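**Q** Shown below is the structure under consideration.
Just so it is clear, none of the values below were taken in a lab; they were calculated from the coordinates. Here the structure is a predicted model, which means the values were calculated and not measured. So basically every Cβ, Gly included, is an ideal-geometry build from the backbone, and we count neighbours across all protein chains shown.
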Amino acid sequence: MRMSAPVFLPLLLLSLPLLSAQEQNELDALKAQAEALSQRIEAYASTRGNNRETDAMKEEKARGYIMDDAAGNNPPMEQKGILEMSSADTVLSVGGRIDMQSIVSWPEGPYIAGKIPLDASGENGQLLMSARDSRLWVKTRTPTEHGPVRTLIEVDFLGTTASEATANSHGLRLRHAYLQAAGWTIGQTNSAFNSYVTLDTIRYPLNYTLVRQPLIRYSINDRLFGYDLSFEQPESTLLDKNGTIIMPQDDIVPDVVARLRYYPAWGEGSLALLGRYITQDQATLSDGTVVSVSDGVFGWGVNVSGKIKLFELDDIRFDAQYGVGLGRYVAFNAFAAGSIDADGGIDLQATYGGHIGYRHWWTPKWRSTLAISYAATDNDMANIYAADSSRVNSEVYGSQLNLLWIPLPNGLVGLEYSKGVRLVESGDEGEIDMVSLLVRYDF
Amino acid sequence: MGLLGLSLLVLSACVSKETVPSQSSEFVANKEHKIESEELKILMRELNMVVYDRQKSELDRDDIRRRYALNLADVIKELAYKVENIPLNATEKVLDDQEKAVYTRYARELYMDGERIDIVAQKYELEKLDDAIAKTERTCERCHALFRDGK
């Protein structure tokens, strides 16, 4: 039977099952979620509309930066933590040394030629511990069309002495400050007269040639030889009638050193020649007296040092010096270059010295050096008051024996016994025995 | 690895007697190779000892290291030349063509390693010396692994 639509549809609707309460709840929940989602979409659309404007502004700004960069109008970008060098090709290196020494001596005093205590003044020593020989250096290397330009500044802490009772805040001291380029060395560094080959000891030998001073040096190097011509800071030292070494500070001519270095297969060696002009211009003596006239005399000196390789890794090292007017170049200024009389006349004196040491390797990490050293001078005592002759050093000699250990690369631990004797013109004699413990690391 | 460690490895590479892989031919090291090995050993040790030289500034030590490095380069290049030109009658067994080519390549690579050390030293680029020496060590080890006598 056929039904009409007006009848069929109501009947159809009535035949549809009605939603249960649970289903209605679910439907309501879905409607609520749809409503919330719609709100979120509207909110997002709203903010996006604002950012759209900021992005356009940013894009315009970026375009502007690009144009400014191209025109070179923008300042350099600032970044944190950048080390700026004067040249982009410069290599900067930093390093140094931690050096800790523990020293006991009898009597108390340094192992230095002119300062070994005389018997009359010495007293039993104390334990001294010091890190003052620690060092810090900064070096650079910049390639140029004339070859690399290298610089070095090195300091240690043997400057002003601070109290050992509290902070031990000893002062910085300049060791080296110089540049090297195209064979030239300019600044403060080791004198070319210093012994090129040195002993492998903790304490310096008593005759040591150790001078660091401002200089201008030119060097030529090849595989076998090196040649140096050096003009160095002059400084005359003269012994006055009171037995005191004075420095007139009237020098006008630089000390000149010519040195030859030799690198054969059997070792190495050096020969240095020194020429100097010792002068004074109405100098003031130690008692305040001013001499009436000026005087100047040429002095000279020669220093030979070398190393001879023996069997395995052992070697012998030595040096020897002789000169007239050598003065401060030998034995840490224990001797003057000459004497100055009451009228101001200068009389130079001969000074000589040397050391020799044998280095033996027990194992690849343990080694020892046995060394002896000597230095002396011919003082002109005619111009010295007899009462002051005890101030005037005449001779020093000493010996050293050590045991050194390399615990790790660039590390060193060592124990050394040193004995030194100092003689003065009065006939007095001083001795020192010293035991040094060293712990060092170069970084 | 410090320079001392690297040097010890170079020494062991050039002096030690490693077992040769069974698939490679046996090859007796020339006596002159050992002479250069001893020179290398001494130079490497002296390089490591520069830090203990007294009364030398850091630039002075660089000058000394540079001098040793230049000598080291010379010895390595001389060693490479001798290694490449070891006469056939000095060997126990003759290398076949393929082995000869590999061997020659290593010898020339060793020569280039020496050149590299020479250039680094000439330019005072001593901070690159460790790497240059390490590269040489690797060349020695690779060649020894294939051709060293395993006695």
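**Q** In percent, how large is the relative contact order of chain A, given Cα pairs closer than 8 Å and 6 or more residues apart?
**A** Rounded, it is 14 percent for chain A.
**Q** Would you kindly calculate the translational diffusion coefficient of the range A:317-440, applying Stokes-Einstein with the Kirkwood radius from alpha carbon pairs, for 20 °C and a viscosity of 1.002 mPa s, and quote it in µm² s⁻¹ without decimals?
**A** 129
**Q** If you don't mind, there's one more thing I want to ask. Apply 1/(1 + (r/R0)^6) to the Cβ-Cβ distance of B:Asn85 and B:Arg142, taking R0 = 25 Å, and write down the FRET efficiency to the nearest 0.05.
**A** Details: r = 20 Å, r/R0 = 0.78.
Computed FRET efficiency for B:Asn85 and B:Arg142 comes out at 0.80.
**Q** Quick check on chain A: helices-only [θ] at 222 nm, where DSSP H runs of length 4 and up contribute -39,500 (n - 2.57) each and the sum goes over total residues. Nearest 500, please.
**A** It comes out at -5000 deg cm²/dmol, rounded to the nearest 500.
**Q** Taking each residue of A:407-416 in turn, how many C-beta atoms of other protein chains fall within 10 Å of its C-beta, and what is the average?
**A** 2
**Q** With respect to the cross-link table entries B:Lys100/B:Lys128; A:Lys307/B:Lys82; A:Lys115/A:Lys241; B:Lys100/B:Lys135; B:Lys82/B:Lys135; B:Lys56/B:Lys123, which display a Cα-Cα separation exceeding 28 Å?
**A** Result: B:Lys100/B:Lys128; A:Lys307/B:Lys82 exceed 28 Å.
**Q** Could you tell me what fraction of 2.2 N^0.38 Å the Cα radius of gyration of the range A:159-216 comes to, as a two-decimal ratio?
**A** On the way: Rg = 15.5 Å, N = 58, 2.2 N^0.38 = 10.3 Å.
Rg over 2.2 N^0.38 Å, computed on Cα atoms: 1.51.
**Q** Ok, one more. Round to the nearest 0.05 the FRET efficiency obtained for A:Ala29 and A:Ala56 when R0 = 41 Å and r is the Cβ-Cβ distance.
**A** The computed FRET efficiency comes out at 0.50.
**Q** For chain A, compute Rh as the Kirkwood radius over C-alpha pairs and then the Stokes-Einstein diffusion coefficient at 4 °C and 1.567 mPa s; write the answer in µm²/s, rounded to an integer.
**A** 46
**Q** Over the Cα atoms of the range A:252-373, how large are the radius of gyration and the largest Cα-Cα distance (Dmax), in Å?
**A** 19.6, 64
**Q** If you don't mind, there's one more thing I want to ask. Between A:Glu84 and B:Asp130, what's the calculated FRET efficiency when r is the beta-carbon distance and R0 is 22 Å? Round to 0.05.
**A** Efficiency at R0 = 22 Å is approximately 0.25.
**Q** Using the Karplus equation 6.51 cos²θ - 1.76 cosθ + 1.60 (θ = phi - 60°), what ³J(HN,Hα) coupling, rounded to whole Hz, does each residue of the range A:209-226 give in order, writing x for Gly and Pro?
**A** With coefficients 6.51, -1.76 and 1.60, one gets 9, 9, 10, 10, 7, x, 7, 10, 10, 10, 10, 10, 10, 10, 5, 9, 10, x Hz.
**Q** I've got another one for you. In whole Hz, what ³J(HN,Hα) sequence does the range B:120-137 give by Karplus (6.51, -1.76, 1.60; θ = phi - 60°), x for Gly and Pro?
**A** With the stated coefficients, the range B:120-137 comes to 4, 5, 4, 8, 6, 8, 6, 5, 9, 5, 3, 5, 5, 5, 4, 5, 4, 4 Hz.
**Q** Taking the Cβ of A:Leu158 as the centre, find all other residues whose Cβ is under 10 Å away and add up their charges (Lys, Arg: +1; Asp, Glu: -1).
**A** With Lys, Arg at +1 and Asp, Glu at -1, the net is +2.
**Q** To continue, here is another question. Quick one: length gained pulling A:Ile216 to A:Ala342 fully straight, 0.36 nm per residue minus the C-alpha distance?
**A** 41.8 nm
**Q** Name the residue, out of A:Asn168, A:Asn194, A:Asn402, whose mean-square fluctuation peaks in a Gaussian network model built on chain A with Cα pairs under 10 Å.
**A** Greatest mean-square fluctuation among the candidates belongs to A:Asn168.
**Q** Now for a different question. Once amide H atoms are placed 1.01 Å from N in the peptide plane, what residues at a sequence separation of 5 or more from A:Phe335, or on another chain, have their amide H within under 5 Å of its amide H?
**A** Result for A:Phe335 returns nothing.
**Q** Over chain A, with a Gaussian network built from C-alpha contacts below 10 Å, which listed residue (A:Ala272, A:Ala32, A:Ala131) shows the highest mean-square fluctuation?
**A** A:Ala32
**Q** Provide a whole-number value for the mean count of partner chain Cβ atoms within 10 Å of the Cβ atoms in peptide B:43-54.
**A** The mean count of partner-chain Cβ atoms within 10 Å per residue comes to 4.
**Q** Follow-up. List every residue whose amide H lies under 5 Å from the amide H of A:Asn168, counting only residues 5 or more places away in sequence or on a different chain, with H placed 1.01 Å from N in the peptide plane.
**A** Under 5 Å from the amide H of A:Asn168: A:Ser163.
**Q** If you don't mind, another one. Write out the trypsin sites (Lys or Arg not before Pro) in the range A:349-443 meeting two conditions: DSSP loop, and at most 16 other Cβ atoms within 10 Å of their Cβ.
**A** Those satisfying the criteria are A:Lys365.
**Q** Please compute the average number of Cβ atoms from other chains found within 10 Å of each residue's Cβ in peptide A:146-156.
**A** 2
**Q** Ok, one more. Show me, bin by bin at 10 Å from 0, the whole-percent P(r) of the range A:402-443 based on Cα pairs.
**A** So the P(r) values, bin by bin, are 24, 33, 22, 15, 6.
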